[in-house]
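Enquirer: Sharing a structure with you now.
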Amino acid sequence: MLDVQLSGLLGDAPAGAGEALDLVAGFDDALTLGLARLGEEPAAALAALAGALAGTPIGERVGEAVEKVAAGSVADEHLAALAGGRAALFGAVHDALLARLDAALGRTRAAWAPAEAKPEAAASSAGSSSAGSSSAASSAGSSSPAGNLLAGCRVWLRELAIVGWRGVDHDLVSAADQTIEALLAVPELRGLAVLLDGLATELRASSPVATMDRLPARRWADLWTRAMLLSQQGPWHGGGAEQVSGRLLILGADVHEHATVVRVQIHAVLEPAGGAPARLVRTSIAAAKVDTIVGPTVWKLLRDQPVLLSALAQHRSVEITDMPLLPGGDLVWENHRARAGEDADPFATARLQLAAATPPAVTPLDRHPVRIAEPVFVEGYKTDGQTIDLGGSKLALDLDRLPSAGPLTPALVKASTACIGLVRWDGGQWSLQPLAVQASVKKQPVAAHNGDWALGPTDPKVAKAESKNGDVVAVLRERAGRLLRK
């Protein structure tokens with residue numbers, strides 16, 4: 001039984017993981033205080049980071065960067081090396097955790113194959129990482145518009161590192177606005193733009209940071225590190241995409257709702273055309289929003305993807321033709337390359353197909369423990385609503401991620417006997433995030449999926465409440481159009 005297999009995760013953390021995370025915490029403390037004038041403890045933390053990486057391919061560059069920063073020289077190449085070292089430590093922890101998860105589930109993951117003749121791939125990997133990429137980046141198109149924008153990103157990130165989070169104020173945050181706006185206008189740099197915009201928004205809401213009692217040092221350092229790596233040479237996906245065709249069997253939807261954006265990440269099994277082995281894949285759709293658009297209404301923002309929304313709401317398969325698939329297992333969704341297929345119950349897919357599907361390799365920049373989100377199927381368990389019992393061991397349920405845009409509720413999870421979910425690792429422990437459950441309510445079988453309301457709420461009470469509030473999306477679009485016409 002899979003639930004018994006998962007119980008193998010619940011022992012001690014992999015050897016060395018705690019020590020690696022302590023080194024990261026030391027770096028994050030130094031970044032909190034700022035690198036301009038290192039005190040004794042931050043300097044010792046950076047030296048420990050360099051010592052731990054001394055025997056790795058980036059050890060020499062990280063050691064040199066620590067020496068220069070300690071001497072008061074904080075240049076782009078030094079920060080790139082430090083970001084690469086921090087990413088490498090997290091990458092090692094990620095690999096150990098994922099290897100344990102794959103062993104528990106009996107999965108054989110696709111091997112990562114670095115793309116040849118892609119200098120940006122090697123530069124961005126956590127192994128040779130950004131320590132070696134900065135010098136290349138400085139000469140890789142720095143005079144081009146994109147190169148100038150990346151240089152602007154690095155200037156702002158360097159200022160953040162110099163003053164530290166405690167030194168951030170409104171003026172420093174606002175200094176990034178012009179660069180972010182310009183980045184958003186360049187499609188291939190939009191991902192970096194959104195990342196920087198998110199960091200700037202959080203810092204702006206917290207400014208002046210010096211007055212905060214506690215601050216999310218690790219989260220901000222994660223965002224800073226990823227932005228520093230991406231700003232060396234711009235977008236990177238680990239090599240070119242392959243074109244895939246076949247039948248897509250949806251397992252579940254992970255809905256992320258934020259004040260200014262909604263993103264739906266769909267986990268699925270791909271049965272490739274031609275009879276090749278099944279593969280685990282993901283695809284995402286997203287839309288900008290305002291904070292007044294919440295709950296089931298967010299699906300209206302995604303109506304330009306009718307095939308995918310219909311497949312979610314009606315539990316149908318999707319036939320795809322020549323859809324781009326990135327090396328990390330992400331389908332670049334293109335609606336015109338997809339058509340609705342036959343009925344396909346996600347629970348039947350999970351029971352029959354999930355265990356044998358090959359999970360994708362993890363791209364170097366995504367090797368971080370919090371990015372672990374592996375689809376699993378468990379059934380026949382007992383739950384108290386907060387944990388599920390795995391043959392005597394208990395796995396925490398991550399209910400904070402249940403979206404308001406679907407019918408899945410904590411009460412249904414508590415009444416459930418089968419679950420399709422994502423196994424995650426965060427805060428030093430494993431957890432299960434439900435995407436869909438089968439339960440018994442008033443002695444009647446019930447199934448609920450996060451994507452059930454993709455075409456509108458099926459719950460009469462929710463549908464009535466939404467109808468009473470009117471079409472908020474249509475009203476806002478009409479008002480926006482009126483303003484643009486003026």
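Enquirer: Angle, helix 190-206 long axis vs. longest principal axis of the chain, Cα atoms, 0 to 90°, nearest 10?
Expert: 80
Enquirer: Between Q178 and E64, what's the calculated FRET efficiency when r is the beta-carbon distance and R0 is 35 Å? Round to 0.05. Kindly include the intermediate steps, with their values, before the conclusion.
Expert: Details: r = 33 Å, r/R0 = 0.93.
It comes out at approximately 0.60.
Enquirer: Let me ask another. Which residues in segment 337-380 place their backbone N less than 11 Å from a point set 7 Å from the Cα of A110 along the Cα-to-Cβ direction?
Expert: 358-363
Enquirer: Let me ask something additional. Which of the residue pairs K382/K442; K382/K443; K414/K442; K300/K464; K300/K443 have a Cα-Cα distance greater than 24 Å in the structure shown? Can you show the working numbers first?
Expert: Details: K382/K442 18 Å; K382/K443 17 Å; K414/K442 14 Å; K300/K464 16 Å; K300/K443 34 Å.
Pairs exceeding 24 Å: K300/K443.
Enquirer: From a point 7 Å beyond the Cα of E242 in the direction of its Cβ, which residues of segment 260-275 have a backbone N at a distance under 18 Å?
Expert: Counting backbone N atoms under 18 Å from the label point, the list is 268-275.
Enquirer: Along segment 273-290, what does the Karplus equation 6.51 cos²θ - 1.76 cosθ + 1.60 (θ = phi - 60°) give for ³J(HN,Hα), rounded to whole Hz, x for Gly and Pro?
Expert: 4, x, x, 5, x, 5, 10, 7, 9, 10, 8, 10, 10, 8, 7, 6, 8, 10
Enquirer: Then there is this: Kindly write out, for segment 322-333 in residue order, the coupling ³J(HN,Hα) from the Karplus curve 6.51 cos²θ - 1.76 cosθ + 1.60 (θ = phi - 60°), rounded to whole Hz, with x marking Gly and Pro.
Expert: Here the 3J(HN,Hα) series is 6, 7, x, 10, 6, x, x, x, 9, 6, 7, 5 Hz.
Enquirer: So what is the relative contact order of the chain, in percent, for Cα pairs below 8 Å that sit 6 or more residues apart? Don't skip to the end; give the middle numbers.
Expert: Details: 918 pairs, mean separation 71.6, N = 486.
Relative contact order, the chain: 15 percent.
Enquirer: Taking the simple approach of a point 7 Å from Cα along Cα-to-Cβ for both R37 and K443, what is their distance in nm?
Expert: For R37 paired with K443, the spin-label model returns 7.6 nm.
Enquirer: Suppose R0 equals 22 Å; then what is the FRET efficiency for K382 and L10 from their Cβ-Cβ distance, rounded to the nearest 0.05?
Expert: 0.90
Enquirer: In degrees from 0 to 90, rounded to the nearest 10, what is the angle of the helix 40-52 Cα long axis to the longest principal axis of the chain?
Expert: The angle comes out at about 70 degrees.
Enquirer: Nearest 500 deg cm²/dmol is fine: what mean residue ellipticity at 222 nm does the chain get from its DSSP H runs of n ≥ 4 alone, each adding -39,500 (n - 2.57), divided by its residue count? Before the final figure, lay out each step's value.
Expert: On the way: 17 runs with 201 residues, N = 486.
Per the formula, -13000 deg cm²/dmol.
Enquirer: I've got another one for you. Using Cα pairs closer than 8 Å and at least 6 residues apart in sequence, work out the relative contact order for segment 242-356, in percent.
Expert: On the way: 238 pairs, mean separation 35.2, N = 115.
Worked out over segment 242-356, it gives 31 percent.
Enquirer: Ok, one more. Tell me, what does the Kirkwood hydrodynamic radius of the chain come to in angstroms if you use every pair of distinct C-alpha atoms? All intermediate terms of the calculation are to be shown ahead of the outcome.
Expert: Numbers: mean 1/r = 0.0415 Å⁻¹.
Roughly 24.1 Å, rounded to one decimal.
Enquirer: Moving to a separate point now. To the nearest µm²/s, what D does Stokes-Einstein give for segment 242-356 at 4 °C and 1.567 mPa s, using the Kirkwood radius over alpha carbon pairs as Rh?
Expert: Working: Rh = 14.5 Å.
Using the Kirkwood radius from Cα pairs, D works out to 89 µm²/s.
Enquirer: Further question: Given bins 5 angstrom wide, list per bin the percent of all Cα-Cα distances in segment 312-442, short to long.
Expert: 2, 9, 16, 18, 21, 17, 11, 6, 2, 0
Enquirer: Quick one: Karplus J couplings for segment 426-436, per residue in order, coefficients 6.51, -1.76, 1.60, θ = phi - 60°, nearest Hz, x for Gly and Pro?
Expert: Per residue, the Karplus-derived 3J(HN,Hα) values read 7, x, x, 8, 7, 8, 10, 9, x, 10, 7 Hz.
Just so you know, all these numbers are worked out from the coordinates, no wet-lab data involved. None of the values given here were measured: they were computed from a predicted structure. Neighbour counts run over all protein chains shown; Cβ positions are idealised from the backbone, glycine included.
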